[in-house]
Amino acid sequence: MTVQAPNRASSPLLDGPLSVAMREGSQLEHRAAETARFTTALLEGRVDESGYLDYLLRLRRIYGALETIGAQLAEDPLVTAVYDTALVRREALEADLGRWAELTGVELANVVEPSSPATDAYVERIAASTGWSGLYIAHHYTRYLGDLSGGQAIGRILAREFDLTAGEPGLAFYAFPQISKPKPYKDRYRARLDALELDSADKGRIVDEVKHTFGLNQALFEELDKTLHEHVRVPRG
Ligand code: HEM
């Protein structure tokens, strides 16, 4: 009996809307990211100030790459569907880093950037997405739609646990002042993805990159998990 290898390009998911293929195609990976030990600790308020600072330092490099390349590709026929300066997180991250450094009792300028192979790999992958802009879309979707979804829950927990105010330095990363309601914004974002004229092979490449990107986030959480024991706090609950 011959067993046929699954043919990605002919999957029924890839015959439908791109946004559905991206969401459904990465469901398992999303579940893994949601339940990673570091994520769970963060959601339970068990990560202390220096642990969160370590996370932000990694995000600064990732969003630096995402947003530098996003600005370069902003006029690209595919990227133009998702690119929006209202999403840019760079300044918000800088403000938050300053506040969390202060909370750990150090000046941001004196904070030593941690060595992070997981961040290096993530940044390299974003840089490589210029090879075909569909790949960049996968990176854009995975971070920003995540920030507008589950990311909001993290912001609420940090506010409660560390007496921070929504939108102010410390929590600026979770605030999108130009996006009043995430839900309709995400719906419009998905509609723009679905209006792109892409064949199923192209959609397959994008879905694969989304899955790969979830894996890069997972590797980041696993790296942070290794030093989590140094950053434990008792949650207020
Ligand atoms: C903190 C743990 C997380 C929770 C509780 C969470 C929760 C959620 C929820 C409830 C949604 C659905 C929102 C909606 O219906 O519009 C969602 C969507 C999403 N999340 Fe997460 N998430 C988490 C972590 C992550 C991570 C780490 C990533 C990737 C870096 C991510 C990426 C996404 C993406 C791309 C979507 C959009 C799915 C779509 O509608 O196409 N999430 N998340």
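The values are calculated or read from the model by the stated rules, or taken from the named source; none is laboratory data. Just so it is clear, the structure is predicted and the values come from calculations on it, not from any experiment. Because the Cβ atoms are built from the backbone with ideal geometry, glycine has one as well, and the counts that use them run over all protein chains shown.
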Item to complete: Select from the stretch 70-84 the residues that are aliphatic (A, V, I, L, M) and in contact with a helix residue (DSSP H, G or I) (Cβ under 6 Å, 6 or more places away or on another chain) and write down the one among them that is farthest from the ligand (Cβ to nearest atom).
Response: 73
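Can you tell me which residue within the stretch 19-48, out of those that are in a helix (DSSP H, G or I) and among the β-branched types (Val, Ile, Thr), is nearest to the ligand (Cβ to nearest atom)? Walk me through it before giving the result.
Keep residues of the stretch 19-48 that are in a helix (DSSP H, G or I), which gives 19-25, 27-34, 37-43.
Subsequent filtering for residues that are among the β-branched types (Val, Ile, Thr) retains 20, 39-40.
Values: 20: 8, 39: 5, 40: 8 Å.
Per the stated criteria, the residue is 39.
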Fill in: Failed criterion for residue 112 (all others in (1) surrounded by fewer than 17 Cβ atoms within 10 Å (Cβ to Cβ); (2) among the aliphatic types (A, V, I, L, M); (3) at pLDDT 95 or above hold)
(3)
Item to complete: May I ask you to list the residues in the stretch 53-67 that are away from the ligand (no atom under 12 Å from the Cβ) and farther than 13 Å from residue 221 by Cβ?
Response: 53, 56, 57, 60, 61, 64, 65, 67
Practice prompt. Mind listing just one residue for me: the one in the stretch 205-219 that is surrounded by fewer than 21 Cβ atoms within 10 Å (Cβ to Cβ) and closer than 13 Å to residue 134 by Cα and, of those, nearest to the ligand (Cβ to nearest atom)?
Written response: 208
Practice prompt. Check the stretch 162-182 and report whether any residue there is assigned to a helix (DSSP H, G or I), hydrophobic (A, V, I, L, M, F, W, C) and loosely packed, with under 15 Cβ neighbours inside 10 Å.
Written response: no
Worksheet, complete the sentence: Expected output for the stretch 11-28 (first residue β-branched (Val, Ile, Thr), partner part of a helix (DSSP H, G or I) and surrounded by 15 or more Cβ atoms within 10 Å (Cβ to Cβ), Cβ below 7 Å, 6+ apart or cross-chain) is none
Worksheet item: Of (1) within 15 Å of residue 154 (Cα to Cα); (2) crowded, with 16+ Cβ neighbours inside 10 Å, residue 81 satisfies all except one. Which?
Response: (1)
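Restricting the search to the stretch 195-237, which residues are small (Gly, Ala, Ser) and within 13 Å of the chain's Cα centre (by Cα)? First the steps, then the outcome.
Within the stretch 195-237, the first condition is being small (Gly, Ala, Ser), and the residues that meet it are 195, 200-201, 204, 215, 219, 237.
If the condition is that a residue be small (Gly, Ala, Ser) and within 13 Å of the chain's Cα centre (by Cα), then 215, 219 are the ones that fit.
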Practice prompt. Scan the stretch 68-89 residue by residue and report those that are in a helix (DSSP H, G or I) and over 24 Å from residue 198 (Cβ atoms).
Written response: 68, 85, 86
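Report whether or not residue 87 is in contact (Cβ under 8 Å) with a residue 40 or more places away in the chain, buried (at least 20 other Cβ atoms within 10 Å of the Cβ), away from the ligand (no atom under 16 Å from the Cβ) and within 20 Å of the chain's Cα centre (by Cα). Quick ask: steps written out before the conclusion?
Numbers: in contact (Cβ under 8 Å) with a residue 40 or more places away in the chain: yes; buried (at least 20 other Cβ atoms within 10 Å of the Cβ): yes; away from the ligand (no atom under 16 Å from the Cβ): no; within 20 Å of the chain's Cα centre (by Cα): yes.
It is false that residue 87 is in contact (Cβ under 8 Å) with a residue 40 or more places away in the chain, buried (at least 20 other Cβ atoms within 10 Å of the Cβ), away from the ligand (no atom under 16 Å from the Cβ) and within 20 Å of the chain's Cα centre (by Cα).
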